[in-house]
1. Calculate, for region 26-151, the solvent-accessible area per residue in square angstrom, rolling a 1.4 angstrom probe over the heavy atoms of the protein chains.
2. Which order do the peptides 48-54, 61-67 come out in when sorted by mean C-beta neighbours inside 10 angstrom, highest first?
3. Could you give me D for region 42-151, from Stokes-Einstein at 10 °C and 1.306 mPa s, where the hydrodynamic radius is the Kirkwood radius over C-alpha pairs? Units µm² s⁻¹, please.
4. For the chain, build the charge dipole from Cβ charges (+1 Lys, Arg; -1 Asp, Glu) around the Cα centre, then report which of Gly17, Val116, Pro79 sits farthest towards its positive end.
5. Is there a quick way to get the dipole size of region 62-124? I mean about its Cα centre, with the Cβ of Lys and Arg at +1 and of Asp and Glu at -1; what is the value in debye to the nearest 20?
6. In nm, what is the difference between 0.36 nm times the number of residues separating Leu55 and Val88 and their Cα-Cα distance?
7. With r as the distance between the Cβ atoms of Ala130 and Asp24 and R0 = 22 Å, compute the FRET efficiency 1/(1 + (r/R0)^6) and round to 0.05.
8. Dipole size in debye (nearest 20) for the chain around its Cα centre, Lys and Arg Cβ +1, Asp and Glu Cβ -1?
Amino acid sequence: MIRARAASLYGTVFMPGATMDYGDYFSGTAEEFRDWVWAAHEAMQVHSHQITNVLVELDSSGGAAVSEAYVTVCLRTRPSGGTVTDIVDRGRYLDRWSKGPDNEWRIAARRFRSDVQQLSDAGSSPSPVAARDPSDPSYELFRAPAGPPKA
């Protein structure tokens, strides 16, 4: 979703006005976060996110839940003064979920906690091949009907 920057999908993840606490990086609403993070990612050459090890606890009434998910993000800066840097952050999303008026689950509050961050010189790394537009193979994959791969 972040890679594609699809506003229509973003609205299906968070409750309107959901609170976002990213520590020293950002604090505000989900809508403000979207604008902030999209601008920050646009300034990068490429970025990649992985979310793993998700733990969810549902309350007995079924109307609320909490979750913790580990996240790794790698942001590669655009060349600046001959320098390209990879910023790798490993942390956790601590989310509170609730059901919206459409009875769909959405995040009502998110706290991101960084466990470890690493900066490294990426000047000699290969150029990225991923694209943030319909030329990326994932767009073709999800437009095609499910079935065996094309020969």
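The values are calculated or read from the model by the stated rules, or taken from the named source; none is laboratory data. Treat the numbers as computed from the prediction; the structure is a model and nothing was measured. Cβ coordinates were reconstructed from backbone atoms using ideal geometry, including for glycine residues, and neighbour counts include every protein chain displayed. Areas reflect the complete protein model, heavy atoms only, side chains present, ligands, DNA and RNA absent. Shrake-Rupley method; radii C 1.70, N 1.55, O 1.52, S 1.80 Å.
1. Per-residue accessible area for region 26-151 comes out at 66 Å².
2. 61-67, 48-54
3. 92 µm²/s
4. Positive-most Cα among the choices belongs to Pro79.
5. 160 debye
6. So the chain would gain 9.6 nm between Leu55 and Val88.
7. 0.20
8. 280 debye
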